[in-house]
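Presented below is the structure to which this report refers.
Each value in this text was obtained by applying a stated rule to the coordinates, not by laboratory testing. Keep in mind that what you see is a predicted model, and the values were worked out from it rather than measured. Note: ideal-geometry Cβ built from the backbone for every residue, glycine included; neighbour counts use all protein chains shown.
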Amino acid sequence: MNIQAFLSEKISVAMCAAGAPADSEPLVRQSAKVQFGDYQANGVMGAAKKMGIPPRQLAEKILEKLDITDVADKVEIAGPGFINIFLSPQWVAKQAEDALADEHLNVTPVEPQTIVIDYSSPNVAKQMHVGHLRSTIIGDASARTLSFLGHNVVRANHLGDWGTQFGMLIAYLEKKQNENAADMALSDLEEFYREAKKHYDEDEVFAERARNYVVKLQSGDEYCRTMWRKLVDITMQQNQVTYQRLNVTLTEDDIMGESLYNPMLAGIVADLKAKGLAVESEGATVVFLDEYKNKEGEPMGVIVQKKDGGYLYTTTDIACAKYRHETLHADRVLYYIDSRQHQHLMQAWTIVRKAGYIPDSMSLEHHMFGMMLGKDGRPFKTRSGGTIRLTDLLDEAQERARALIAEKNPDMDKDELNNVARVVGIGAVKYADLSKNRTTDYIFDWDLMLSFEGNTAPYMQYAYTRVASIFKRADIDENALTQPIALTQSHERQLALRLVQFDETIMQVSREGTPHVMCAYLYDLAQTFSGFYENCPILSAEDENTRQSRLKLARLTARTLKQGLDTLGIETVDRM
Ligand code: ARG
């Protein structure tokens, strides 16, 4: 049950009945002031102003019409006209029971939408690097969250698999094949790309061949297509290994690379011209946008086709949005791309909307994020200044986690240790990224992310094992818990309320695409559980009813933590 939505609805109805204008909307949220069950409704002031009456007078009328007898113990008017709602412990207990009885924690069903999530999107013949890491991790959490809620999620890996660089890559692959060294060269994609570029820059014969291959590839030449396919396949095989390691849900079927839209580009440019949106300018085809001004204050020109006939990244993104409407029937498209590409997207989308390629109701959202920085506040690099390879980074994470876990559990056998180190190490890297407000740059710090204290993966994973272990230790059958949840102590009430707030939390994450909100919630839940655990004995509770009620709260805590972490793509273990 989404308490926030439920109370908003109730207040809305009462407001209408009290004569407030139909468009007045109450904003209901948990009040920061009171510890338990205190939600506050805002928006009375605005409505009263429109009606020309004192806010408190309207608030009183609303209370007369408000029907929440079973829900609240007390409702009162505070300050100039806020409405404070004090939830009844019995009602909260009932919500907790319902969550416990339901496989989906009784999260309110949504009206399913088709939501395309554009994420990860590495480039062919290049190693995925830490820059792609954020998109992959945050995008996947979003995909998991929206799937959990019942939406039809389409994962779109917008692979950089097209462009003029492929002539050079094909020519270099050919050279390596002739030397019987293709496999080896492709095992290090970064090196492969660098070498290809070097040959292109330094060897005129090679460069000529490369240019020739670009043209051939674009006209569908079979040899070039085969070589291109090889580059794509090898890159994706390597990336797939990384996805699996990261517990990311992307599969080969989710690849919708730039090449997919290539057949649409000529038609789009012609159409933009026909619609008078694109014009010839110095040989290129350009769309001038009044919305964006250049330094001289003139409308900015966005090139959609170059002088030599080539198309651009923007042309592809225009086609891609159109495709996501026409073929995928998307209601929403979420783009997880770093903030440096914001202007690019805005320009592409402005053109898409002006050309009428998608309906107004389709929402295009740039869920941008900042850069990953080192502890020194500079872009995250190796000691010698190179880009850090993702595999090396993940190896180090596991290595460090292994040392920590081994120290805490000297008796743990090797297999288990390896598994826990994997879960904690990978979890730490992911969680560190997920738990920060994604719009800011973020500082990568091993010690912080692997700490057992604070809002970290190890803390959350450990909190989960602690709750789960209560059941294991006492060998309790969940189904034997027949007594109802009773909230008599304040720690019990706080925990129960926090538990049922999972619903409004996940709804917020799904609206805003902000997994850090889920992290903050889970962290708070784990801490609330700690407070409860210290103050309310569970197994040694004073009577059987209390014992069962507390066990149920613990059970729901374990399930909520696990489910919450699962929507983030963070694994748990039973002991660590
Ligand atoms: N391949 C691009 C890069 O590495 C990211 C693609 C993002 N998605 C998109 N629809 N433009 O920068």
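Taken along the Cα-to-beta-carbon direction at a fixed 7 Å, the label points for Asp271 and Thr488 span 6.9 nm.
Restricting to bridges with both residues inside the chain, how much of the DSSP beta-bridge set is antiparallel, in percent to the nearest 5? Provide the component values of the computation, followed by the final result.
Details: 27 of 45 bridges.
Around 60 percent of the beta bridges assigned by DSSP in the chain are antiparallel ones.
Phi angles of region 122-137 translate, via the Karplus equation with coefficients 6.51, -1.76, 1.60 and θ = phi - 60°, into HN-Hα couplings of x, 10, 5, 6, 9, 5, 5, 10, 4, x, 7, 4, 4, 4, 5, 5 Hz per residue; Gly and Pro are given as x. Amide H to amide H distances under 5 Å link Ala330 with His325, where only residues 5 or more positions off or on other chains count and H is placed in the peptide plane. Between the helical axis of 342-354 and the longest alpha-carbon principal axis of the chain there is an angle of about 90 degrees.
Rounded to the nearest 10 degrees, the angle from helix 165-178 to the longest Cα principal axis of the chain is 70 degrees.
Close amide H pairs (under 5 Å, H built 1.01 Å from N) link Ala78 with Ile83, Asn84, residues at least 5 positions away or on another chain.
Taking a spot 7 Å from the Cα of Arg245 along the direction of its beta carbon, which residues of region 127-155 have an amide N less than 15 Å from it? Label zone hits: 127-134, 137.
I'd like to know how the chain sits against the 2.2 N^0.38 Å rule of thumb: what's its Cα Rg over that expected value? Intermediate results must be reported in sequence, preceding the final value.
Working: Rg = 28.2 Å, N = 576, 2.2 N^0.38 = 24.6 Å.
Computed over Cα atoms of the chain, the ratio equals 1.14.
Of Ser142, Ser469, Ser24, Ser361, the sequence from fewest to most neighbouring Cβ atoms within 10 angstrom is Ser361, Ser469, Ser24, Ser142. Between Ala78 and Thr226, the distance separating the two model label sites (each 7 Å from Cα on the Cα→Cβ line) works out to 7.4 nm. Lys197: which lysines have alpha carbons under 27 Å from its alpha carbon, excluding same-chain residues fewer than 8 sequence positions away? Those lysines meeting the cut-off are Lys126, Lys175, Lys176, Lys216, Lys230, Lys306, Lys307, Lys381.
With the cut-off at under 20 Å, measuring from each backbone N in region 365-385 to a point 7 Å along the Cα-to-Cβ line of Asp201 picks out 382, 384-385.
Put a dot 7 Å past the Cα of Asp233, heading toward its Cβ, do the same for Glu60, and the two dots end up 8.0 nm apart.
Quick one: compute the contact order of the chain, relative version, from alpha carbon pairs under 8 angstrom and 6+ residues apart, as a percent.
Working: 895 pairs, mean separation 87.4, N = 576.
With pairs under 8 Å counted, the relative contact order is 15 percent.
Charged neighbours of Asn178, selected by a Cβ distance under 15 Å, balance to -1 (K, R count +1; D, E count -1).
Here the 3J(HN,Hα) profile of region 16-22, calculated from phi with Karplus coefficients 6.51, -1.76 and 1.60 at θ = phi - 60°, is 4, 4, 7, x, 6, x, 4 Hz, Gly and Pro shown as x. Estimated from helical segments only, the mean residue ellipticity of the chain at 222 nm is -17500 deg cm²/dmol, where each DSSP H run of four or more residues counts as -39500 (n - 2.57). Per-peptide packing, taken as the mean over residues of other Cβ atoms within 10 Å, places 203-213, 81-91 in the sequence 81-91, 203-213 from highest down.
Report the FRET efficiency, 1/(1 + (r/R0)^6), for His342 and Glu542, where r is their Cβ-Cβ distance and R0 is 41 Å, rounded to 0.05.
Working: r = 59 Å, r/R0 = 1.43.
It comes out at approximately 0.10.
Radius of gyration (Cα atoms) of region 224-306, expressed as a multiple of 2.2 N^0.38 Å: 1.62.
When each of Asp67, Asp161 is scored by the number of other beta-carbon atoms lying within 10 Å, the sequence from fewest to most is Asp67, Asp161. Against the chain, whose longest principal axis is taken from its Cα atoms, helix 222-245 shows a tilt of about 30°.
Proximity of backbone amide H atoms, modeled 1.01 Å from N, is registered between Met372 and Phe380, Tyr442 at under 5 Å, excluding neighbours fewer than 5 places apart on the same chain.
Among Thr226, Thr546, which comes first, then next, by fewest other beta-carbon atoms within 10 Å? Write down the numbers at each step before the final one.
Numbers: Thr226 10, Thr546 18.
Fewest-to-most ranking of Thr226, Thr546: Thr226, Thr546.
Using r as the Cβ-Cβ distance of Glu208 and Asn294, and R0 as 30 Å, what FRET efficiency do you calculate, to the nearest 0.05?
Values: r = 36 Å, r/R0 = 1.20.
E(calc), rounded to 0.05, equals 0.25.
Applying 0.36 nm per residue to the separation of Thr439 and Thr327 and subtracting their alpha-carbon distance, the gain on full extension is 37.3 nm. Pairs with C-alpha atoms separated by more than 32 Å, drawn from the list Lys293/Lys375; Lys408/Lys552; Lys50/Lys74, are Lys293/Lys375. What the phi angles of region 426-438 give under the Karplus curve with 6.51, -1.76 and 1.60, with θ = phi - 60°, is a coupling list of 5, x, 5, 4, 5, 5, 4, 6, 5, 7, 8, 4, 5 Hz, glycine and proline written as x.
A dipole drawn for the chain from +1 and -1 charges on Cβ atoms has a positive end, and of Phe369, Asn409, Thr114 the residue lying farthest that way is Phe369.
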